[in-house]
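Everything on this sheet refers to the single structure shown next.
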Amino acid sequence: MKRYNLDGTYFYCPVDLTLSVVGGRWKGLVFWNLRDGAKRYGELKKILVGINDKMLSQVLKELEKNGVVVRKEYNVIPLKVEYSLTKEGKKLLPVMQLMSNWGEKFEV
């Protein structure tokens, strides 16, 4: 049986591994909202109605840890930080686009 390793966690199904990266209430939404380019923390907070600061910080850290989001700090005062998709993260965009297309069928 094949095994897949992501940051010390082993998976026996590549779909399970992928869902662990972008699945859940907020990860997919944060990921999807970075598809058009870098965004600052405050921009993401405004877009993601209902997310609190702790959860947004946690999700961004997890996405960064999994290698799909990169955090870039600018050496200015006040500190400027932007989040964007990595090369590896951009490879997931077609999958997310298919999910978006499927979900749009249920528009009311």
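Worth pointing out:
- Cβ-Cβ under 8 Å pairs, at least 6 apart or on other chains, the stretch 1-14 side in contact (Cβ under 8 Å) with a residue 40 or more places away in the chain, far side surrounded by 10 or more Cβ atoms within 10 Å (Cβ to Cβ) and not in a strand (DSSP E or B): 6/17; 6/20; 6/21; 6/66; 7/65; 7/66
- For the stretch 53-98, filtering for residues that are assigned to a helix (DSSP H, G or I), aliphatic (A, V, I, L, M) and surrounded by fewer than 13 Cβ atoms within 10 Å (Cβ to Cβ) leaves 2.
Residue-by-condition table, conditions (1) hydroxyl-bearing (Ser, Thr, Tyr); (2) surrounded by fewer than 11 Cβ atoms within 10 Å (Cβ to Cβ); (3) assigned to a loop (DSSP other than H, G, I, E, B):
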residue	(1), (2), (3)
5	no, yes, no
17	no, no, no
21	no, no, no
29	no, no, no
32	no, no, no
37	no, yes, yes
44	no, no, no
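Values quoted throughout were computed directly from the atomic coordinates according to the rules given, and no laboratory measurement underlies them. Note that the structure is a prediction, hence the values are computed from the model and not measured. Counting neighbours? That spans all protein chains shown, and the Cβs are built from the backbone with ideal geometry, glycine included.
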